[in-house]
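In what follows, a structure is listed as structure tokens, so that the remarks can point back to it.
The values are calculated or read from the model by the stated rules, or taken from the named source; none is laboratory data. Treat the numbers as computed from the prediction; the structure is a model and nothing was measured. Cβ atoms come from the backbone with ideal geometry, glycine included; neighbour counts cover every protein chain shown.
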Amino acid sequence: MLQTIALGDAQFHSLIRAIAALRQTTMSDRCQTRAIHSTETGVQTRSSVASSTQTELQDHVTTQFLQDPHNMLHLPGLNDFLRQIEAPVIRELVRNAKSHAFDGFQVNWEEHNQMVVCLHQLQHPRALEQDLHVTSVSWSCTGAVIACAYGRMAEGDWSNDKSYICTWNIDHGGLNPKQADLVIDVPTPVTALCCHPKHPALMTGGLYSGEVIIWDTSQSTDPVVAQTGMSADSHREPVCQVTWVPLQNKGDFGVLSACSGGRILLWTVSAEQGKCVLKVAFALVQQQVLSKSTSFKGQGTSPVGVTSLDLSPWDPDTFLVGSEGGLLLRCSLSSQTPAAVPSECLSVPLRAPAVFSFRPGSGPVHSIHCSPFHRNLFLSAGTDGLAHLHSLLQTNPLRSIRVSDTYVFKVQWSPTRPLLFAAATGQGEVQIFDLSRRSLRPAATIDPGGVGHAATCLAFNCQNPGLLAVGKTDGTVGVWKLSTDLTEQIPTESHLLEQIANQVAE
Amino acid sequence: MAEVEETLQRIEAHGSVAGTIVANADGIPIRSTFDSSKAGKYADVLRHLTAMARSTVRDVDPQDDLIVLRISTKNQEIMVAPENSYLLILVQRFERYARA
């Protein structure tokens, strides 16, 4: 039924009039922000503390398991879930068992390179002019910077010219092989160098004069952070090796230095005073290190010159020492036996560190390195051209591998392959040996060229496992990229290493 | 509970099954033949992966759904069958020397 309904009034406001009204009252205004003041400040944390927590799933899980027998009944839907899922899962299992898909397929996650390639040849022009040799190379803890120490062994003895420490940053694109990123002037030849294992800018070096200096490469004004100075505490002979030692306080590191005067000193760094404070001192004296089987003429309190040193990564108390006479000793940092030599004017008493002596070699031991994969194995190499593989538990070497006909200056285990090691020889080549192979020939030979120049030092880059730095007596440092079979572990490698370590030496 | 056990045993009876884990949606194992820490690890890691796999399948085709996710690794085969509130994880190991 149609009906008429009267609604109230409806009003329509005229839009046109409103717009016209607007147009009459227009205002314009401008505004402008005042000049913005800005200041810049840099903030840098001076010390940082890292700490992490993690909740253990253990308790949660065990309580769940504990309630199991009763709870399982009450868990809603568990039964249905399993019933439903059973059939498809069994089907999959059967299919899996019969499937031949991917048989013999080996996945290649990383690209393989077959060749060992020389990436860079780094030189420092001033060092070249002075005919300096590269005495030591060390990678920083981040693996991006290589530090090289120069010095010269002239006719068997060190010369006293001033020398340098140069660092190059391999990672950033603007690498100039002829110009170092940072050059530190040093008054005497540097005989040993070691980068800090945690702090990328710190490094310590030992000098020909017997001093041990710690540099901080991030300080551009004066990189020297601390030095031992020529005090009564410091070495009198050239320092053959320096290494960072983790101290009792977590995170603190000290420096262990050894010199050819038979002294091994442990320093703590006091950055405020700029000095290294002697903490523990060891002296190696002939009569305290010889075992009954060897006899030397002129025994007594004459010092045993140390030519190489290595700290065991497995046991922070143990370190290995090689001497000029071919002696190989295992020493302990906490040894309390007093040394047979009077500790004249030293601030701490001298102690004898030797705990065990291995069968001596026939010439100075130039290099020792403990295996990063097995706590009992270490390599030693010296002037007899052989690399000896020793176990910490036995006096005789497990294996002796002929590396070269001349001296071997440095030997180092690969950080990624338990059975691989590299040796720098006097002929200038770096031989890389693979203990998993039956053959006695090296797995690879790196020959940087330059006849007549010995390769004096080498260092594997632990962060970037394919890189190997080699320093030579012609003053060049070569950075080489190793092929994949030298960096990737083969499947049974750890097992083979165990077998080798458990052999009994003949 | 007996039924749950029976079902699981039927599944495990297929030779080459190295272990099973039944976990809830939070990644906490309810019942497992592995030890608790390992089971916890498997369950936690796999529930995220399964959720992602499921959403991938549904993204590609909304009508579709994930039944079983199978991961072939160098040493073993891991199968995960998810559902809304539970997860069944199976680990298979074959005697074949080089299986993928």
Exercise. So which residues in region A:220-246 are surrounded by fewer than 16 Cβ atoms within 10 Å (Cβ to Cβ) and not in a strand (DSSP E or B), if there are any at all?
Worked result: A:Ser220, A:Thr221, A:Asp222, A:Gly229, A:Met230, A:Ser231, A:Ala232, A:Arg236
Exercise. Which condition number in (1) of a type in the set (Val, Ile, Thr); (2) within 22 Å of A:Ala127 (Cβ to Cβ); (3) surrounded by fewer than 20 Cβ atoms within 10 Å (Cβ to Cβ) is the one that A:Val477 fails?
Worked result: (3)
Exercise. Can you pull out the residues in region A:186-203 that are crowded, with 24+ Cβ neighbours inside 10 Å and under 14 Å from A:Pro246 (Cα atoms)?
Worked result: A:Cys195
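Suppose we filter region A:173-188 for residues that are more than 14 Å from A:Gln123 (Cβ to Cβ) and touching a residue at least 24 places away in the same chain (Cβ under 8 Å); how many remain? It would help to see each step written out before you state the result.
Initially, region A:173-188 is screened for residues more than 14 Å from A:Gln123 (Cβ to Cβ), giving A:173-174, A:182, A:184-188.
Cutting the leftovers down to touching a residue at least 24 places away in the same chain (Cβ under 8 Å) gives us A:182, A:184, A:186-188.
Count: 5.
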Seminar exercise, completed: Inside region A:125-148, the number of residues satisfying the requirement of being more than 17 Å from the chain's Cα centre (by Cα) and crowded, with 21+ Cβ neighbours inside 10 Å is 5
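Of the residues A:Leu128, A:Leu175, which is touching a Phe, Trp or Tyr at 6+ places or on another chain (Cβ under 7 Å) and either assigned to a loop (DSSP other than H, G, I, E, B) or at pLDDT below 85 (or both)? I'd like the intermediate steps shown before the answer.
Values: A:Leu128 fails: touching a Phe, Trp or Tyr at 6+ places or on another chain (Cβ under 7 Å).
Going through A:Leu128, A:Leu175 in turn, the sole match is A:Leu175.
Looking at A:Leu458, A:Leu440, A:Leu386 in this structure, which one is in contact (Cβ under 8 Å) with a residue 60 or more places away in the chain and of a type in the set (A, V, I, L, M)? Can you show your working first?
Values: A:Leu440 fails: in contact (Cβ under 8 Å) with a residue 60 or more places away in the chain; A:Leu386 fails: in contact (Cβ under 8 Å) with a residue 60 or more places away in the chain.
A:Leu458 is the lone residue from the list that is in contact (Cβ under 8 Å) with a residue 60 or more places away in the chain and of a type in the set (A, V, I, L, M).
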For this session: Considering only residues that are under 13 Å from the mean Cα position of the chain (by Cα), outside any helix (DSSP H, G or I) and at the interface with chain A (Cβ under 8 Å from one of its Cβ atoms), look in region B:1-23 and name the one that is farthest from A:Phe81 (Cα to Cα).
Result: B:Val17
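Could you list all residues from region A:415-443 that are of a type in the set (D, E, K, R), crowded, with 18+ Cβ neighbours inside 10 Å and assigned to a loop (DSSP other than H, G, I, E, B)?
Narrowing region A:415-443 to residues of a type in the set (D, E, K, R): A:417, A:429, A:434, A:437-438, A:441.
Restricting the remaining residues to those that are crowded, with 18+ Cβ neighbours inside 10 Å gives A:417, A:429, A:434.
Hits for region A:415-443 are A:Arg417, A:Glu429.
Looking at this structure, is B:Ile71 assigned to a strand (DSSP E or B), crowded, with 17+ Cβ neighbours inside 10 Å, more than 9 Å from chain A (Cβ to nearest Cβ) and under 12 Å from the mean Cα position of the chain (by Cα)? Break it down into steps so the answer makes sense when it comes.
Working: assigned to a strand (DSSP E or B): yes; crowded, with 17+ Cβ neighbours inside 10 Å: no; more than 9 Å from chain A (Cβ to nearest Cβ): yes; under 12 Å from the mean Cα position of the chain (by Cα): yes.
So B:Ile71 does not fit the description; no.
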Exercise. Do any residues in region A:309-327 that are closer than 19 Å to A:Leu247 by Cα have Cβ atoms under 6 Å from those of residues that are of a type in the set (S, T, N, Q) and assigned to a loop (DSSP other than H, G, I, E, B), where the two are at least six apart or on different chains, and which pairs are they?
Worked result: A:Asp317/A:Ser334; A:Thr318/A:Ser312
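Does B:Asp64 satisfy the condition of being within 11 Å of chain A (Cβ to nearest Cβ), at pLDDT 85 or above and surrounded by fewer than 16 Cβ atoms within 10 Å (Cβ to Cβ)? Working first, answer last.
Working: within 11 Å of chain A (Cβ to nearest Cβ): no; at pLDDT 85 or above: yes; surrounded by fewer than 16 Cβ atoms within 10 Å (Cβ to Cβ): yes.
The answer is no for B:Asp64.
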For this session: State which residue is nearest to the other protein chains (Cβ to nearest Cβ) when the search covers only region B:29-49 and only residues that are surrounded by 19 or more Cβ atoms within 10 Å (Cβ to Cβ) and not charged (D, E, K, R).
Result: B:Gly40
Exercise. Does A:Thr473 satisfy the criteria of being among the β-branched types (Val, Ile, Thr) and without any contact (Cβ under 8 Å) to a residue 60 or more places away in the chain?
Worked result: no
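Only one residue in B:Ser32, B:Ser55 is among the small types (Gly, Ala, Ser), modelled with pLDDT of 85 or more and within 16 Å of A:Leu78 (Cβ to Cβ). Which one? Break it down into steps so the answer makes sense when it comes.
Numbers: B:Ser55 fails: within 16 Å of A:Leu78 (Cβ to Cβ).
Answer to the selection: B:Ser32.
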Problem set entry | Boolean, B:Ser85 is at the interface with chain A (Cβ under 8 Å from one of its Cβ atoms) and hydroxyl-bearing (Ser, Thr, Tyr) | yes
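The rows are residues; the columns are (1) buried (at least 17 other Cβ atoms within 10 Å of the Cβ); (2) among the hydrophobic types (A, V, I, L, M, F, W, C).
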| position | (1), (2) |
| --- | --- |
| A:Pro313 | no, no |
| A:Asp317 | no, no |
| A:Arg330 | yes, no |
| A:Gln336 | no, no |
| A:Val341 | yes, yes |
| A:Ser347 | no, no |
